[in-house]
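Student: The structure that follows is given in the form of structure tokens.
Values in this text are rule-based calculations from the coordinates and carry no lab data. No experiment lies behind these values; they were computed from the predicted model shown. For neighbour counting, all protein chains shown are included, and Cβ atoms are generated from backbone atoms with ideal geometry for every residue, glycine included.
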Amino acid sequence: MLRAVQNRRTPVHVPRVLVSLLVGRLMLGKNRQRGILALSIVPLPIVKNAVRIFILTLIAVYVDPRILGSVAHRTGEIPIFFLALLLLGGGLWLLRRGERKEIERGEKQ
């Protein structure tokens, strides 16, 4: 039974979407901004993987081709993941800033 549970894998995008929905619910007030945040999760792994492949290719071509079979290739996703989190945090900041400006415009009228 335990082995069957261990072998079942959650699709990689599900935790990302759930986290974005939770963060959007806690940090954003409008459904439009929440939807934008949740949809921004979709291209993020694609961009993250493209950056990772690009960096590894540059290192393999200009430094050492053995990098492609090394531990850095298999574990290099962690620093890129933190870069993706920074991008997501920047997007969240922009969405919150836009909400504040909308609220300020509404109060002035």
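Student: Please name which of 88, 57, 26 has its Cα lying farthest along the dipole of segment 9-108 towards the positive end, using unit charges on Cβ (Lys, Arg +1; Asp, Glu -1) and the Cα centre as origin.
Tutor: 26
Student: As an exercise, use a Förster radius of 35 Å and the Cβ-Cβ distance of residue 17 and residue 53 to find the FRET efficiency, rounded to the nearest 0.05.
Tutor: 0.90
Student: Same structure again: Quick one: compute a quarter of the convex hull surface over the Cα atoms of segment 9-108 and quote it in nm².
Tutor: One quarter of the hull surface, i.e. the mean projection, equals 8.1 nm².
Student: I'd like the FRET efficiency for residue 78 and residue 101, computed as 1/(1 + (r/R0)^6) with the beta carbon distance as r and R0 of 22 Å, rounded to 0.05.
Tutor: FRET efficiency, residue 78 to residue 101: 0.05.
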